Amino acid sequence: MTGSAPRGWRHDPGLETDAAELYRATTGQTLDAEVWLSPRMAGHTAGVFQGGPPPRIALSQAYLERCTLEERRDLMLHELAHYHLWRLGRRRAGHGAEFRTLMRTWRFSRYPNAEILQNLRRPDTVPRILYVCPAGHEHWLRPRSNGREISCGLCSRRFDRRHLLRDTGIQRIPGQEAPHRSRS
Ligand SMILES: [Zn+2]
Ligand SMILES: [Zn+2]
């Protein structure tokens, strides 16, 4: 971890591991980039890629807290595609033809969820329920109204009954966490 990052960004090894696994599963190659989390990303941005050294992907924490696992994967693949093209020397590829080819072959959507982005400035008041998979991965998701079973996106990229998420009943409303009692 070298070089200066924009203010507020923090290196996130867990997110970096997820991105590296996704990149390896998609390309068979090793991710040689840092993945950072940005608490406040400007306006309608869910993620950015910066060429190196070191190359760096930053994802919006506010977006990740609101999106589905599928949208999270889309966002990661979007920034990984920028990284991939950068690595191939296509520094000006942007969202042009080569990027669109990757979109098709890697199967991701170019656009982040616009509704989430529009609401990023407003506080999220939709309650979240803590779901856990058999391996112990935690996911804070919106309550399911359709009763459909969901499986852990970290354990398996496809729906898999062996990795079913269990509703723990633990709930929190974003931004309204119980106050910490650090002083006695
Ligand atoms: Zn982009
Ligand atoms: Zn899991």
Those residues that are more than 16 Å from ligand 2 (Cβ to nearest atom), in the same structural domain as ALA114 (by TED's automatic domain parsing) and hydroxyl-bearing (Ser, Thr, Tyr), I need them from the range 4-27; list them, please. TYR23, THR26, THR27
Single match in ARG157, ARG144 (criterion: outside any helix (DSSP H, G or I), more than 16 Å from ligand 1 (Cβ to nearest atom) and touching a residue at least 60 places away in the same chain (Cβ under 8 Å)): ARG157
When residues of the range 32-64 are limited to those that are within 14 Å of ligand 1 (Cβ to nearest atom) and of a type in the set (Val, Ile, Thr), the one nearest to PRO13 (Cα to Cα): ILE57
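The values are calculated or read from the model by the stated rules, or taken from the named source; none is laboratory data. The model shown is predicted, which means the values in this text are computed figures rather than measured ones. Backbone-built Cβ (ideal geometry, glycine too); neighbour counts: all protein chains shown.
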